[in-house]
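The values are calculated or read from the model by the stated rules, or taken from the named source; none is laboratory data. All of these numbers come straight from a predicted model, not from anything done at the bench. A quick note on method: Cβ atoms are made from the backbone with ideal geometry, for glycine too, and the neighbour counts reach across all protein chains shown.
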C-alpha cells in the first residue's frame, strides 16, 4: 500500500505541473502574438530608415562621421541579449555560447589580451555568461521589462558614447532572431562602426536627392536615430524569439507530463491489481487454514 500511496502522490504532483506548464504555454502564445505585431509595425520604418541612411552615406560625408570610422580594434564590447526569466529551453544558454564562439572566431587577439567585455541584457543570460568566467560590463536588465523606446534609446546613446570616446573600437550585438514559434536564429550584428554600404546593395541607380538642409546635417541627425531604432528592433525581435522558445518549451513539458501520467497510471493499476490479488490469496489461505 505504501507503493500505491507514493504513485498516487507522484500522479497528483505531475498533474499540477502539467496544469502550470499548459497555462504558461497559453500565456506565452498570447505574448508571442503581441510581440509579432510589434515587429511587423516597426520593421518597415526601420528598413526605410536604414535604406535612406545607405543612400545618403554613399557620398563622401560619411567618412567625416565618427560612427563610420574604422579604427584599429583593440577593445571589443559584445551586447548579448537574452531574457530575465527562465523556462524557455536553451534560449539563454545558446545565445551565450554563440557569443563566445563569435568572440573566439573574430577577436582571438583581443580575447587573449583580455580586451573583450560582455554587456548582458537579461538576468538569465548574465548567469550563463558568468558561469563561463567572462568579464561583464554594466548589465542592462530593465530593457526587457516594458520594451520602452526611450529607455532603449538611452542605452543606444550610451553605446554610441562608448564608441565615439574611443573606449571601444567595435560593438556587436548577439541575439536570437525570431523566425517562427519553434525556430530562433542565433545572430550577430555589427552595431558600431556602421558598416559602409556597397554600391551593389542599392542597385545600379541611386535616387537623386535635393538636400535641405545639407547632407552632412541630415546624416548627423539620422545616424543616431537609425542606431537607436536598430537596437529597439533587435530587442523586440529577441522578445518574440523568447516567447516562441518558452511556448515551445512549455508545450514539450506538457506533452512529457502527459506521457509520464500514462506510464504512472499503468504502473498504479498494475500495483493495485497486484495488491488486490495478494489480499485475495491471503483471504483464501486463511479460509483454507480454518477448514483444516
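When each of 263, 259, 242 is tested for being under 30 Å from residue 189 (Cα atoms) and either surrounded by fewer than 16 Cβ atoms within 10 Å (Cβ to Cβ) or modelled with pLDDT of 90 or more (or both), the lone residue that passes is 242. Scanning the stretch 63-92 for residues being surrounded by fewer than 16 Cβ atoms within 10 Å (Cβ to Cβ) and touching a helix residue (DSSP H, G or I) at 6+ places or on another chain (Cβ under 6 Å) gives a total of 2. Could you please tell me which pairs satisfy a Cβ distance under 8 Å, a separation of 6+ or placement on different chains, a first residue in the stretch 67-86 that is assigned to a loop (DSSP other than H, G, I, E, B), and a second residue that is exposed (fewer than 15 other Cβ atoms within 10 Å of the Cβ)? Correct list of pairs: 69/63; 71/166; 75/167; 84/145. Checked against (1) assigned by TED's automatic domain parsing to the domain that holds residue 178; (2) surrounded by 15 or more Cβ atoms within 10 Å (Cβ to Cβ); (3) in a helix (DSSP H, G or I), residue 47 passes all but a single condition, namely (2).
Please verify whether the stretch 207-216 includes one or more residues that are at pLDDT below 90, in contact with a helix residue (DSSP H, G or I) (Cβ under 6 Å, 6 or more places away or on another chain) and not in a loop (DSSP other than H, G, I, E, B). Taking every residue of the stretch 207-216 in turn, at least one turns out to be at pLDDT below 90, in contact with a helix residue (DSSP H, G or I) (Cβ under 6 Å, 6 or more places away or on another chain) and not in a loop (DSSP other than H, G, I, E, B).
In the set 155, 116, 121, which member is closer than 15 Å to residue 227 by Cβ, modelled with pLDDT of 90 or more and in contact with a helix residue (DSSP H, G or I) (Cβ under 8 Å, 6 or more places away or on another chain)?
Of the residues listed, the single one that is closer than 15 Å to residue 227 by Cβ, modelled with pLDDT of 90 or more and in contact with a helix residue (DSSP H, G or I) (Cβ under 8 Å, 6 or more places away or on another chain) is 155.
The selection criterion, being surrounded by fewer than 19 Cβ atoms within 10 Å (Cβ to Cβ), at negative phi, assigned to a loop (DSSP other than H, G, I, E, B) and modelled with pLDDT under 95, does not hold for residue 179. None of 162, 144, 186, 129 is part of a helix (DSSP H, G or I) and within 17 Å of residue 98 (Cβ to Cβ) except 129. Checked against (1) modelled with pLDDT under 95; (2) within 30 Å of residue 254 (Cα to Cα), residue 138 passes all but a single condition, namely (2).
Counting only residues that are modelled with pLDDT of 75 or more and either in contact with a strand residue (DSSP E or B) (Cβ under 8 Å, 6 or more places away or on another chain) or not in a helix (DSSP H, G or I) (or both), the stretch 52-66 holds 1 of them.
Checking each residue in the stretch 227-276 for being in contact (Cβ under 8 Å) with a residue 40 or more places away in the chain and over 28 Å from residue 94 (Cα atoms) picks out 261, 264, 265, 267, 268, 271, 272, 275. Checking each residue in the stretch 133-160 for being within 18 Å of residue 242 (Cβ to Cβ) and without any contact (Cβ under 8 Å) to a residue 40 or more places away in the chain picks out 139, 140, 142, 146, 148, 151.
Taken over the stretch 1-20, the criterion of being in a helix (DSSP H, G or I) and touching a residue at least 12 places away in the same chain (Cβ under 8 Å) is satisfied by 3, 4, 7, 8, 10, 11, 14, 15, 17, 18.
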